[in-house]
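In what follows, a structure is listed as structure tokens, so that the remarks can point back to it.
Just so you know, all these numbers are worked out from the coordinates, no wet-lab data involved. What you are looking at is a predicted structure, and each value in this text was computed from that prediction instead of being measured. Positions of Cβ are generated from backbone atoms using ideal geometry, with glycine treated the same way; all protein chains shown enter the neighbour counts.
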Amino acid sequence: MSALDTAVPPPKVSSPKWEYFLILPGIISFLLLAVPQAGFVITSFYDDLGMGMVSEDAGLTNYLEIFTDPFYLSVVLRTLWLSLIATFITLAMGFPTAYALARMGRGWSILILSLILTNSLVTDVIKLLGLTLVLSPSGFINQSLISVGLISSPLTLINNEVGAVIGLVQYTLPIAILILCSVVQTIPIHLEEAGEILGARRGVIFARVIVPLARYGLISSGLLAFNMAMGAFTSPVLLGGGRVITMPVLIQQKIIQSTEYGMGAALSFVLLIVVFLINVLVGAFFLREVRRGGRA
């Protein structure tokens, strides 16, 4: 009999039962999302009768109205359009900033990132009210442009879609910078040094080395910024001046002001489905790119 035959097998280590309790926060978070949404889905199939009452017979009337009424279609398209614009501006501003922070000295980088994090923790209403003062006709931006002679009359930067986009950008930019900064830090700096040795300019290195290597981080942070913009409520309300109706604003009006629970629930579910489908499509593209890169 060999030594292998007489060897004692190692004892089986059973997983502690308390580890299963670690997933409870995730389950509770999912239930807090799923249960209200389930109520919205059920309510969305009933017509509004007024005074917060809904009909007893279920149907697709609310959804047919959303997808056939020009007003509701314009609100859906406006929400998508403003969110896309805000996302592109966020990435265009956030990625160069994140790159600079990732490549500067550690002390300055930590200080600026701390300020950005502090800014993201400030209540959105306070930041938007501050932006209202800055962007108003008598605010700092307009008065500065007038004083240097670039414009003769104040620009209309609030109470319109321009103001709404500015509000969405300030809402999504801090988190995008934090994410992209960590992405750039994973890119070895010696790749840039090698490009410089070969005679490439800084702009060429940034466009042909840094951006391609950070593309997955750009897609992820852009998707997060888009999701945040699609669900933003305070930016269109405060900087849009009530004139920019997006889906979150319309949902609030239907449920809180008009007590049209059926239509408000249908709009909520449509918003959820639109955002979900866009995430799935981007995720599928992301996965295909990863697999293609693996085969290459």
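Numbers for the structure displayed
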| read-out | value |
| --- | --- |
| Magnitude of the charge dipole, the chain, Cβ model with Lys/Arg +1 and Asp/Glu -1, debye to 20 | 1180 debye |
| Calculated [θ] (222 nm, deg cm²/dmol) that DSSP helices of n ≥ 4 give over the chain, each run adding -39,500 (n - 2.57) | -22000 deg cm²/dmol |
| Gyration tensor verdict on the chain (Cα atoms; rounded if a/c is under 1.5, prolate if a/b is larger than b/c, oblate otherwise) | oblate |
| The range 85-114 residues near the modelled Ile141 label - backbone nitrogen below 18 Å, point 7 Å along Cα→Cβ | 85-94 |
| Per-residue HN-Hα couplings for the range 79-90 [Karplus 6.51, -1.76, 1.60; θ = phi - 60°; Hz; x = Gly/Pro] | 4, 4, 5, 5, 5, 5, 4, 4, 5, 5, 5, 4 |
| Distant-in-sequence amide H partners of Leu155 (H built 1.01 Å from N, under 5 Å) | none |
| Separation of alpha-carbon centers, the range 37-91 and the range 112-137, rounded to whole Å | 30 Å |
| Pair Leu22, Ile256: separation of 7 Å Cα→Cβ label points (nm) | 4.0 nm |
| Farthest toward positive dipole pole in the chain [+1 Lys/Arg, -1 Asp/Glu at C-beta], among Ser182, Thr123, Gly264 | Ser182 |
| Karplus-derived HN-Hα couplings along the range 141-146 (A = 6.51, B = -1.76, C = 1.60, θ = phi - 60°), whole Hz, x at Gly and Pro | 5, 5, 5, 5, 5, 5 |
| Ile219-Phe88 pseudo-label distance in nm [points 7 Å out on the Cα-to-Cβ vector] | 1.9 nm |
| Cα-projected label distance for Ser29 with Thr123, points at 7 Å along beta-carbon direction, nm | 2.5 nm |
| For the range 60-289: relative contact order, % (alpha-carbon pairs under 8 angstrom, 6 or more apart) | 28 percent |
| For the range 173-296: relative contact order, % (alpha-carbon pairs under 8 angstrom, 6 or more apart) | 19 percent |
